[in-house]
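One structure is given here, and the rest of the page talks about it.
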Amino acid sequence: MKQVHLVVGITAIALNAAVAGYGAWQWHRAAMTRWFWRLLRTAQAAVVVQVALGGILVATGHKPPGLHVLYGILPLLVSVIAESLRAASAQLVLDQRGLESTQEVRKLPDEQQRAVVVAIIRREMGVMALTGLVVVVLLVRAAQTHG
């Protein structure tokens, strides 16, 4: 079980590093791509599996150092908080443009609608790419403090 935990941990680090790098690149290009979101969800799933495996190890008597557990759980919490920030980013873009709702966006000319959508997606992608970087740092710290 410890070997599976190790392999999933390395996979979670690699996937989140890919999210951070690819997301930053796509954010810089202001590109809209479904591949980023697929990669992000895969990386998030790896973190969930990693935390679950760690929980099973602890429940079956393995006693890692306290910091290992903390650094292992924090990526999950960071991801949940980031999803809340991502959801709020759409409203922030609308507020910055003086728009109260998506219905007001629909009344704009097509070009302006697209600009609003691109701004929202770019902000969301930036939040999640940065989250990938934070998760990588936390998972690397968890690996460094393993028992």
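Here, each number is a calculation from the coordinates, and none is a lab measurement. Treat the numbers as computed from the prediction; the structure is a model and nothing was measured. A quick note on method: Cβ atoms are made from the backbone with ideal geometry, for glycine too, and the neighbour counts reach across all protein chains shown.
Quick notes
- Neighbour counts of other Cβ atoms within 10 Å put R141, R123, R41, R34 in the fewest-to-most order R34, R41, R141, R123.
- Relative intensity of the chain on a log10 scale, I(q)/I(0) at q = 0.13, 0.14 Å⁻¹, equals -0.62, -0.69, per a Debye sum over C-alpha point scatterers of equal strength in the absence of solvent.
- In nm, spacing of pseudo-spin labels at D95 and H62 (7 Å Cα→C-beta vector): 4.3
- Neighbour counts of other Cβ atoms within 10 Å put Y22, Y71 in the fewest-to-most order Y22, Y71.
- Loop GluC sites (Glu not before Pro), the range 18-126 (other Cβ atoms within 10 Å of the site Cβ: 14 or fewer; DSSP): E100
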